[in-house]
Amino acid sequence: MTNTDIDYSRHLLGIEHLSREELYNYLDNATHFLEVSERDLKKVPALRGKTVVNLFLEPSTRTRTSFEIAGKRLSADTINMTASGSSVSKGETLLDTARTIAAMNPDVLVIRHRASGAAHFLASRLENTAVINAGDGMHEHPTQALLDLLTLRQHFKDRSGGIEGLRVAIVGDIRHSRVARSNIMAHLLLGNKVRLVGPSTLIPDLLVKENCFGEPLQVFYRLEEGIEGCDVIMLLRMQLERSAGGFIPSLEEYAREYCLTSKIVERYAGDAVVMHPGPINRGIEISGELADSPRSLIEKQVTSGVAVRMAVLFKLATASGEEKRE
Ligand code: CP
């Protein structure tokens, strides 16, 4: 089986494979699950009898915890595995690990892996298990883009046009960011204007000159110009574990040019909201006072994460995604 044989409707491997309708369908269901998460009893029987395995072979706080909470709130049996607590630490390959898990017949396998394409690799080889990409290398992080859109949809619910027609600046380590890739595709799908902002070394030519998203992306190397007049400013973490440090003179120098503060936002994008997928590096990408200010949607993004992951598990663990969700 090759990637071309994958039935993308059975998995969530990337925003790349979603239509606008499918994207809104996830957001509609997630809006319902936001309400479930506010109830006293935050549990519905929607996935009773279903099994979800969370296989996290790279560190994670937000994504791993929220997939676990999401599964439990839907009454699924959830099992969590990490590299250090599994036979991966004894040298077992990804495919052997996944086949072993699949032999126990789970309904969904959630995978985070350092290799771009890991989720596709598993989806092309597992017959009866839906695969959810929880972040693969520098490729995609689709549930992050969906939760970012849900957060914006809640914030802009009274705006005419909702989350369409927005000007979005994505700032920082775009080169290494799966969050950037998934968000760029999601915003382009909605017809939003996307700007990439950062040092030239962290904005790969492939994204710009070769126009691999099929839409023009504006590029700015100065923070103030890049955010000017924007509705949304999305900051990205400097991914030192993926050698981002080798693309900048020093973190201090990066922070001097690109660390966003309330003062800069107020001057150049007075109406903008600020987002960050986390984990944040205070004083590098964002000042502490801006991260904690009313303009920051960072905590709301985390809350949206549970609801979005409930919506994704619900759709993929049920044949049609139309079963009773109450
Ligand atoms: N945003 C995000 O993926 O965070 P974690 O690495 O903590 O899951």
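The values are calculated or read from the model by the stated rules, or taken from the named source; none is laboratory data. Just so we're clear, the structure is a prediction, and the values are computed from it rather than from any experiment. Cβ coordinates were reconstructed from backbone atoms using ideal geometry, including for glycine residues, and neighbour counts include every protein chain displayed. Each accessible area value is taken on the protein alone, full model and side chains, heavy atoms only, with ligands, DNA and RNA left out. Shrake-Rupley method; radii C 1.70, N 1.55, O 1.52, S 1.80 Å.
See the values below:
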item	result
Single unsatisfied condition, Leu313 versus (1) closer than 30 Å to Arg10 by Cα; (2) open to solvent by 10 Å² or more (accessible area, probe 1.4 Å); (3) assigned to a helix (DSSP H, G or I)	(2)
Subset of the range 209-235 (residues that are among the β-branched types (Val, Ile, Thr) and under 21 Å from the mean Cα position of the chain (by Cα))	Val232, Ile233
Condition met for Ala186 (in the same structural domain as Thr100 (by TED's automatic domain parsing) and either closer than 26 Å to Pro216 by Cα or of a type in the set (Gly, Ala, Ser) (or both))	no
Search result, residues across the range 247-288 that are touching a strand residue (DSSP E or B) at 6+ places or on another chain (Cβ under 7 Å), open to solvent by 20 Å² or more (accessible area, probe 1.4 Å) and among the aliphatic types (A, V, I, L, M)	Ile280
Among (1) in contact with a His (Cβ under 8 Å, 6 or more places away or on another chain); (2) closer than 15 Å to Leu13 by Cβ; (3) within 16 Å of the ligand (Cβ to nearest atom) - the single one Leu146 does not satisfy	(1)
All positions within the range 112-157 that are farther than 18 Å from Phe213 by Cβ and either among the hydroxyl-bearing types (Ser, Thr, Tyr) or in contact with a Cys (Cβ under 7 Å, 6 or more places away or on another chain) (or both)	Ser124, Thr129, Thr143, Thr151
Residue match in the range 234-243 (condition: without any contact (Cβ under 8 Å) to a residue 60 or more places away in the chain and on the phi < 0 side of the Ramachandran plot)	yes
Residue match in the range 88-104 (condition: within 16 Å of the ligand (Cβ to nearest atom), touching a residue at least 24 places away in the same chain (Cβ under 8 Å), over 14 Å from Arg10 (Cβ atoms) and surrounded by fewer than 21 Cβ atoms within 10 Å (Cβ to Cβ))	no
Residue list for the range 38-52, filter: of a type in the set (Val, Ile, Thr) and in contact (Cβ under 8 Å) with a residue 60 or more places away in the chain	Val44, Val52
Residue in the range 79-100 that is polar (S, T, N, Q) and touching a strand residue (DSSP E or B) at 6+ places or on another chain (Cβ under 6 Å) present	yes
The range 225-246 - residue that is among the hydrophobic types (A, V, I, L, M, F, W, C) and either touching a Ser or Thr at 6+ places or on another chain (Cβ under 8 Å) or within 16 Å of the ligand (Cβ to nearest atom) (or both) and, of those, most open to solvent (accessible area, probe 1.4 Å)	Leu240
Filtered residues of the range 179-196 (kept if over 12 Å from Leu23 (Cα atoms) and in contact with a Lys or Arg (Cβ under 8 Å, 6 or more places away or on another chain))	Asn192, Lys193, Arg195
Among residues of the range 5-45, those that are assigned to a helix (DSSP H, G or I), more than 19 Å from the chain's Cα centre (by Cα) and either of a type in the set (D, E, K, R) or more than 19 Å from Lys300 (Cβ to Cβ) (or both), counted	2
Subset of the range 236-285 (residues that are more than 20 Å from the chain's Cα centre (by Cα) and charged (D, E, K, R))	Glu252, Glu253, Arg256, Glu257, Lys263, Glu266, Arg267, Asp271, Arg282
Failed item in (1) within 16 Å of the ligand (Cβ to nearest atom); (2) at pLDDT 95 or above, with Val36 passing the rest	(1)
